[in-house]
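First up is the structure itself, then whatever we jot down about it.
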Amino acid sequence: MKTLKKYFIISAICLISCVSCNYLDVVPDNVATIDYAFRNRTACEKYLFTCYSYLPAHGDINGDPAMSGGDEIWTHRQLRQISGDTRQIAMGQQSTTDPALNFWEGRRSAKNLWQGIRDCNIFLENVDKVHDLQEYEKVRWIAEVKFLKAYYHFYLFRMYGPIPIVDENKPISASPDEVKFYREPVDAVVKYIVDLLEEAEETLPLEREVIEGTEAGRINKLIAKATRAKVLVYAASNLFNGNTDYSGVVDGRGVQLFPQEYDHEKWKLAADACLEAIEMCHAQNKRLYDLVEPALNTANDTFKLQTTYRQAICDRWNSELIWGSVNYDCSRLSRNASARLMVFNPGRVAVITSDWSPSMKLVERYYSNHGVPIDEDKEWLDKGWYADRHKVRPEPSSGAEKYLVKEGQKTAYLHYNREVRFYASIGFNRGIYFGSGYIKFPEDVKHCETLYNEYSAKRSPEYYSVTGYFAKKMHSYKNSMTSSTDMVEYYPFPIIRLADLYLLYAEALNEYSGPSEDVFKYIDAVRARVQLEGVRESWEKYSTKPQKPNNKETLREIIHQERTIELALEGERFWDIRRWKKISELNEQPRGWNVSGETEEDFYRVIIVAETPVEFSIKNYLWPIRENELIINRNLLQNYGW
């Protein structure tokens, strides 16, 4: 017997060739095959996991556009580890003939999310046939699949904007016109997703009812609540709320797909949803991660603080994690993000590649040690550090600096007097690397050496950081590296964590009613974990713009930067700058150090690391639909500018 999946594909191909429409949601006509898939509980559970299998690989440097397709990291031409798709997106070279990471059709390293939605519909239409499935299990599985169907719609919505709503599959007898779907208006799509998430949430289990050992990654009530909040924040944001740039996006029915009137109340809906999710988190004992590691009892407080922030990502199933991805092996991310901290034995196969490289733009976004931007920190400006940020400080590190920069070594001004999240997230030349299996100071603490041909540096045409920086944040301090072996700690990649939810709530509140005690409460909670003072206190004491937190517009800038810092390298900024309509920020040429420099003077020269000019415009907010799809279905409207 042919496999069920193969039969679906064959049926879809036959239908396309017969009626000249796309495969979007057509039920195969082989009833016996469907009945076989739902003949008993075991077969039905396999089909449930098939529905889960379409979840995008969050955190995948190849398959997740948000990980390598933005301005937080850069890679070099010879790189084998990063696919051409993400490079194409990062350089603004998307195309309509064969779009990179095409989740609409499942091409170019992407999963077919319409097929995922179709399989979810097949499950929901047939699960009642299973004779030996307990009622409580059936209720739970239905809720999980409803969530997945909603999430696949949301993922497509985030990429393409207005999309078709496919609530049920069309029968094989459907006419060609019946299966030529239209894209629905933004507000209709959002309502459909939110309503479906609410349906799912009602009967999903609580997190504590999900068995970590055997059910890790399964959807629970809290995931649905937090996802609903995020959907509503997107709906309230500039890209989807009164976006007059897309006023001409009108389909063949004369339907305006983007709302042209800004609806302020959408921010109230978003804020309320965020607060509901936060309150449920607190009720289920979710909290910002606080490191409790007996192995670190002898470590310096500086290391403990940095490691707390790192382990909020890398400590598996911790108190801050709301939804973690289990369909991507984060060991690959760890190895691409890590710096080499020693000379490897000759002939060793390179597994620590160091080629997923934070950009200098990201490095400069981190705050000073006073918790304000370095270009408005009074001390930085008064002492000339900002003007000299790209120069080597003449005095070698000493005193307390030995916990941040190798004692007696020199590095750029840019690497001194920065906040904890900078030191916890970014590896830099002569910067201390606490972890990698080492917990004692000073004899077992390692550091980066990135001048040309040093052990952390460019030593060959591939496997090196093109910017001179490393993503320390994305691997556990428990990872162990020697000259001959390396061991990487597994963790589920964070799709949603509590700090993200706090900052979404602060953003929604500020957009709705401006600065308030609750806005500052949730931003300050995130800052307090890394021992930064509150926003108002920091700006009043240290900033050249002390009034910045006091009005909606300038507080918005602070919240945006706070999200960029706190959630750096986690795939959030890629989508944030699109919903904020800040795509022009991607036109800044990616910068880094001259990694071919053999001396300090030569290395510490800022260079442009892009191979070709990067050009982004209004059209790049959304993905193009492949031209062939538009030929098959004339009812589909191409996205603006494509």
Review point. Can you find a residue in segment 115-124 that is touching a Gly at 6+ places or on another chain (Cβ under 9 Å) and polar (S, T, N, Q)?
Key: yes
Review point. Which of the residues belonging to segment 236-270 are in a helix (DSSP H, G or I) and more than 18 Å from SER513 (Cβ to Cβ)?
Key: THR244, ASP245, TYR246
Study note, to complete from the structure: The residue that is modelled with the lowest pLDDT, considering only those in segment 573-591 that are assigned to a loop (DSSP other than H, G, I, E, B) and touching a Ser or Thr at 6+ places or on another chain (Cβ under 7 Å), is PRO590
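Listed residues ALA235, ALA229; which is under 23 Å from ASN318 (Cβ atoms) and buried (at least 21 other Cβ atoms within 10 Å of the Cβ)?
That would be ALA229, the only listed residue that is under 23 Å from ASN318 (Cβ atoms) and buried (at least 21 other Cβ atoms within 10 Å of the Cβ).
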Study note, to complete from the structure: Taking segment 379-419 and the residues there that are touching a residue at least 60 places away in the same chain (Cβ under 8 Å) and within 19 Å of ALA339 (Cβ to Cβ), the one that is least open to solvent (accessible area, probe 1.4 Å) would be ALA412
Practice item. Report whether or not VAL526 is in contact with a Phe, Trp or Tyr (Cβ under 7 Å, 6 or more places away or on another chain) and either in contact (Cβ under 8 Å) with a residue 40 or more places away in the chain or open to solvent by less than 30 Å² (accessible area, probe 1.4 Å) (or both). Key: yes
Practice item. Determine whether segment 195-210 contains at least one residue that is more than 23 Å from PRO624 (Cβ to Cβ), in contact with a Leu (Cβ under 8 Å, 6 or more places away or on another chain) and not in a loop (DSSP other than H, G, I, E, B). Key: yes
Exercise for review: Considering every residue within segment 96-114, establish whether at least one is closer than 21 Å to ALA224 by Cα and either at pLDDT 95 or above or within 22 Å of the chain's Cα centre (by Cα) (or both).
Suggested key: yes
Review point. If you take just the helices (runs of 4 or more DSSP H) that sit entirely in segment 65-181, which of them hold at least 3 residues that are among the basic types (Lys, Arg) and over 20 Å from LYS619 (Cα atoms)?
Key: 135-160
Practice item. Just name the residue that is nearest to LYS391 (Cα to Cα) out of those in segment 539-592 that are open to solvent by less than 50 Å² (accessible area, probe 1.4 Å) and of a type in the set (Phe, Trp, Tyr). Key: TRP539
Review point. Can you tell me how many residues in segment 611-636 are part of a loop (DSSP other than H, G, I, E, B), surrounded by fewer than 15 Cβ atoms within 10 Å (Cβ to Cβ) and either touching a helix residue (DSSP H, G or I) at 6+ places or on another chain (Cβ under 8 Å) or not polar (S, T, N, Q) (or both)?
Key: 5
Point to revise | Residue check, ARG626 under 30 Å from LYS230 (Cβ atoms) and touching a Leu at 6+ places or on another chain (Cβ under 8 Å) | key: no
Practice item. Output yes when any residue across segment 593-601 is assigned to a helix (DSSP H, G or I) and surrounded by 17 or more Cβ atoms within 10 Å (Cβ to Cβ), and no when none is. Key: no
Exercise for review: Identify all residues within segment 103-127 that are open to solvent by 10 Å² or more (accessible area, probe 1.4 Å) and under 15 Å from LYS46 (Cα atoms); write none if there are none.
Suggested key: LEU124, ASN126
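Any chance segment 165-187 includes a residue that's under 26 Å from ASN628 (Cβ atoms), modelled with pLDDT of 95 or more and within 23 Å of the chain's Cα centre (by Cα)?
Yes, segment 165-187 contains at least one residue that is under 26 Å from ASN628 (Cβ atoms), modelled with pLDDT of 95 or more and within 23 Å of the chain's Cα centre (by Cα).
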Exercise for review: Look through ASN336, ASN345, ASN327 and report the one residue that is of a type in the set (S, T, N, Q), over 22 Å from TYR423 (Cα atoms) and either under 17 Å from the mean Cα position of the chain (by Cα) or open to solvent by less than 10 Å² (accessible area, probe 1.4 Å) (or both).
Suggested key: ASN327
Practice item. Would you check which residues across segment 292-319 are charged (D, E, K, R) and either within 26 Å of THR353 (Cβ to Cβ) or surrounded by 22 or more Cβ atoms within 10 Å (Cβ to Cβ) (or both) and list them? Key: ARG310, ASP315, ARG316
Review point. Can you tell me which residue in segment 146-204 is surrounded by the fewest Cβ atoms within 10 Å (Cβ to Cβ), limited to those that are hydrophobic (A, V, I, L, M, F, W, C) and farther than 28 Å from TYR640 by Cβ?
Key: ILE172
Revision key, fill the gap. Among ASP272, ASP301, the single one that is modelled with pLDDT under 90, farther than 18 Å from GLU566 by Cα and of a type in the set (D, E, K, R) is ASP301
Study note, to complete from the structure: Only unsatisfied item for GLY217, checking (1) out of contact with any strand residue (DSSP E or B) (no Cβ under 7 Å at 6 or more places or on another chain); (2) at positive phi, is (1)
Review point. Closer than 22 Å to GLU540 by Cβ, open to solvent by 10 Å² or more (accessible area, probe 1.4 Å) and among the charged types (D, E, K, R), is that true of ASP518?
Key: yes
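The values are calculated or read from the model by the stated rules, or taken from the named source; none is laboratory data. As the structure is a prediction and not an experimental result, all values here were calculated from the model. Cβ coordinates were reconstructed from backbone atoms using ideal geometry, including for glycine residues, and neighbour counts include every protein chain displayed. Please note that ligands, DNA and RNA were not included when accessible areas were found on the heavy atoms of the full protein model with its side chains. Shrake-Rupley method; radii C 1.70, N 1.55, O 1.52, S 1.80 Å.
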